[in-house]
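Working notes, structure below.
Please treat every number below as a calculation from the coordinates, not as lab data. Treat the numbers as computed from the prediction; the structure is a model and nothing was measured. Please note: Cβ atoms are built from the backbone with ideal geometry, for glycine as well, and neighbour counts cover all protein chains shown.
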Amino acid sequence: MVVERQLAAQGQSRHDLGRERFVEACGMEEQSGGTISRQMRRLGNSVDWSRDRFTMDEGLSAAVREVFVRLHQEG
């Protein structure tokens, strides 16, 4: 959402960038931001931080696509 808001302020959308450049922009935001993780840590959330994942990681993204395709096929 942060990246999409930044793009909108520049008169662009994620579709204008294409997937590769959008994922790259999200990766840079994730590296420099981490706001949600910091907030969760401050709140004392009990999670396994060693398993923290970036939403646009290829493995995670592929798993999400697979599930959505399977659910679509199953109706």
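Before moving on, here are some points about what is shown:
- Chain lengthening between Asp48 and Met1 when straightened (0.36 nm per residue, less Cα-Cα): 14.5 nm
- Which label in (1) 43, 23, 8; (2) 24, 22, 11; (3) 25, 11, 10 gives the computed semi-axes √(5λ) of the Cα gyration tensor in Å: (2)
- In this simple spin-label model, placing a label point 7 Å from the Cα along the Cα-to-Cβ direction at both Asp16 and Arg41 gives a separation of 3.4 nm.
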